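*Asks:* Pasting a structure here, questions to come.
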Amino acid sequence: MDGDQAIMIGEGAERGVRERFDIPDFAARLREEFVIAAREMRRPSTLYRPELSIDGDQWMALYGDNIQEGVAGFGDSPEEAYRDFDRVWYEKLPFPNQGPRGDSERAGHNVRTIPGEQLAGRVGALVQDHRPVAQCAAAL
């Protein structure tokens, strides 16, 4: 068998395998599964692993010492509690004294500005220590 025949047999075998196992579709499905897994790995409930418990007739996912100082999500199943936790994690805190444009100085708040790099470093260190949210806010 010469080189050309080997190439033809190799191409034929490759084509047969592709047709049999639908490799292009498999690669697309694999990419899609990878994107879904990566998205799941970035969920706050995955990253911070809140404690899961039962509170009354619902499941509760709690990150922190208590509901008032921490972040909590509730649901009829653990998955619903984790989904609610993820939703609550991204909610902004309500500031009742805040002005209509978010002017916290007019509302009597003491405001300090922290450069982005310093803030990112501080937040990263606090998250690695697994501190409750109230302690993180006080430390900044």
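*Asks:* Scan the helices (runs of 4 or more DSSP H) fully inside the stretch 1-54 and keep the ones with 3 or more residues being closer than 30 Å to VAL71 by Cβ and either under 38 Å from the mean Cα position of the chain (by Cα) or modelled with pLDDT under 85 (or both).
*Replies:* Values: elements: 3-21, 23-41, 44-47.
By residue number, 23-41, 44-47.
*Asks:* So in the stretch 71-118, with the set limited to residues that are modelled with pLDDT of 95 or more and assigned to a loop (DSSP other than H, G, I, E, B), which one is nearest to PRO50 (Cα to Cα)?
*Replies:* Here the answer is SER77.
*Asks:* Give the residues of the stretch 79-96 that are touching a residue at least 24 places away in the same chain (Cβ under 8 Å) and surrounded by fewer than 15 Cβ atoms within 10 Å (Cβ to Cβ), sorted by residue number.
*Replies:* TYR90
The values are calculated or read from the model by the stated rules, or taken from the named source; none is laboratory data. Because the structure is a prediction, the values reported are computed rather than measured. FYI the Cβ positions are ideal-geometry reconstructions off the backbone, even for glycines, and counts take in every protein chain you see.
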